[in-house]
Amino acid sequence: MGERGLSGKVIYLDNAATSFPKPKEVWDAVLNYACSIGANPGRSGHRLSVEAARLVFNCRRALAELLGVSACDRIIFTKNATEAANVVIRGLLEGVGGGNVVATCLEHNAVARPLKYWCRREDIELRVVSCSPSGEVNPKKVLEAVDESTIAVFVNHASNVFGTVTPFEDIAAFVSVPVVVDATQTLGSYPFSVGDFSNVIVVFTGHKGLLGPQGTGGFYIPEGIELDPLIRGGTGSNSESDEQPSFLPDRFESGTLNVHGIAGLLAGIRWIKSRGIENIRKHELELACLFVEAVSSVKGVDVYASGDWSRRIGVVSLNVRGRDPGVVSHILDSEYGIATRAGLHCAPWAHRALGTYPVGTVRFSFGPFNTESDVEEAVRAVKNIGEGANGC
Amino acid sequence: MKFYFIFRRTVDVMMADELLSKNNVSYKIVPVPKEISSECGLCVLTEEPWEKVLFLLKEVKPIAVYNGGKGLVWKGDIS
């Protein structure tokens with residue numbers, strides 16, 4: 001056994017990194033695929049291969065319904081949101097040479113880094129739109145940065161650091177260029193619909209709000225936007241040709257898919273649907289609210305969660321004055337059994353915007369399986385650490 | 001009589017699977033027979049009247065229907 005130190009109760013408040021625990025149904029589905037189906041979808045004609053293809057199709061269909069789009073063939077599976085963002089960013093920017101792209105200051109490095117790379121390579125101006133002191137991006141400010149040379153707009157739907165939601169609808173409605181929405185923190189735990197927008201590309205992960213296994217993610221691309229794939233190879237279609245298929249989803253899905261993960265993801269989506277996204281959101285927000293109310297009154301603790309709760313998700317960042325967030329997170333784990341995430345959360349732009357760069361914050365992120373008792377424990381721990389640090 | 005419905009993509013075969021199952025058509029998903037040029041590894045096999053099945057599948061846009069052993073009976077627009 002290589003693992004150690006997993007004894008004792010853990011209060012998991014790191015759902016923005018990956019949701020845990022997952023519903024039992026997710027692992028039942030993974031095991032069912034692994035033990036009873038196991039075949040490569042669409043690659044062979046036998047019944048197991050057909051069943052695997054059905055499973056992948058059902059997950060595509062479920063994702064399309066979740067995004068509020070009808071074309072499930074325009075849902076592309078990748079191994080995570082980062083890969084999806086890379087396909088989209090490269091596809092939109094490679095060979096463009098000049099112009100500008102607009103992005104919010106809340107972008108995660110999954111978007112920020114490939115954006116920076118391709119903007120430098122293609123001589124594209126990167127316009128980063130700042131946020132309010134409470135981490136809210138004003139869609140009007142995004143629109144003000146857009147001009148006739150704008151190639152695309154990148155909108156982080158909800159900040160993984162501050163939990164603030166940027167309403168992409170108020171941006172997409174007023175521009176004709178592609179609007180790339182990073183829905184990593186919202187899909188499954190916040191109402192979401194592409195609706196009638198024909199310029200909205202959505203990048204998502206499967207292992208956070210959708211409660212699927214890690215190694216799942218993807219993107220949705222509307223009709224009329226053409227991108228080059230990141231990789232080329234076998235698709236189980238057009239095998240007589242040595243050219244990559246032009247049609248979706250095959251164009252972007254070379255090589256065997258992570259069907260184990262996709263089986264679990266489908267079960268995760270079904271679980272969310274049975275509970276209702278609004279109910280999950282309400283639950284997570286109530287816990288976050290309870291937590292913020294209690295820790296805001298602790299002397300020496302700075303909580304970054306002001307603003308409109310109707311535009312927030314269950315993610316709360318804080319700092320204990322005079323204590324390194326990494327140390328606070330470690331104390332929470334080692335002394336209280338509370339799992340959080342400290343540092344920059346792969347979002348240095350966001351921390352710069354709120355003045356928490358380079359030390360970062362301690363992030364508490366609530367999920368569907370957290371309870372009020374978890375919040376009470378977390379509040380008690382923060383109080384103890386805060387009062388200890390400030391000599392109370 | 002066996003009719004093979006050929007599609008461009010696996011995802012189309014799966015859409016056909018969903019539609020035919022909903023409409024209580026008797027069918028099977030099978031590998032595309034070797035004598036039929038393959039665009040994709042899977043196709044729909046049915047013994048029901050091909051015109052009726054084609055009507056149900058019009059939104060999935062099959063690219064061809066073959067009468068097993070007797071060749072092409074219908075060709076779609078593949079543009």
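Which residue pairs have Cβ atoms closer than 9 Å, lie 6 or more positions apart in sequence or on different chains, and pair a first residue in region B:15-33 that is at negative phi and at the interface with another protein chain (Cβ under 8 Å from one of its Cβ atoms) with a second residue that is among the acidic types (Asp, Glu) and in a loop (DSSP other than H, G, I, E, B)?
As it stands, the answer is B:VAL32/B:GLU39, since those pairs meet every condition given.
Hey, A:SER373 hits all of (1) open to solvent by less than 40 Å² (accessible area, probe 1.4 Å); (2) among the small types (Gly, Ala, Ser); (3) under 27 Å from A:VAL26 (Cβ atoms) but one; which does it fall short on?
Answer for A:SER373: the failing condition is (1).
For A:VAL111, are the conditions met, namely being within 30 Å of A:PRO368 (Cα to Cα), in contact with a strand residue (DSSP E or B) (Cβ under 6 Å, 6 or more places away or on another chain), in contact (Cβ under 8 Å) with a residue 40 or more places away in the chain and in a helix (DSSP H, G or I)?
Values: within 30 Å of A:PRO368 (Cα to Cα): yes; in contact with a strand residue (DSSP E or B) (Cβ under 6 Å, 6 or more places away or on another chain): yes; in contact (Cβ under 8 Å) with a residue 40 or more places away in the chain: yes; in a helix (DSSP H, G or I): yes.
For A:VAL111, the condition - within 30 Å of A:PRO368 (Cα to Cα), in contact with a strand residue (DSSP E or B) (Cβ under 6 Å, 6 or more places away or on another chain), in contact (Cβ under 8 Å) with a residue 40 or more places away in the chain and in a helix (DSSP H, G or I) - is met.
Could you look through region A:22-54, keep only residues that are open to solvent by less than 30 Å² (accessible area, probe 1.4 Å) and facing chain B (nearest Cβ under 10 Å), and pick out the one that is farthest from the chain's Cα centre (by Cα)?
Here the answer is A:GLY45.
Just one of (1) out of contact with any Lys or Arg (no Cβ under 8 Å at 6 or more places or on another chain); (2) assigned to a loop (DSSP other than H, G, I, E, B); (3) aromatic (Phe, Trp, Tyr) trips up A:TYR190, so point out which.
(1)
The values are calculated or read from the model by the stated rules, or taken from the named source; none is laboratory data. In this text the structure is predicted, and so the values were computed from the model without any measurement. No Cβ is skipped: glycine too gets one built from the backbone with ideal geometry, and neighbour counts run over all protein chains shown. The accessibility values were calculated without ligands, DNA or RNA, using every heavy atom of the protein model including side chains. Shrake-Rupley method; radii C 1.70, N 1.55, O 1.52, S 1.80 Å.
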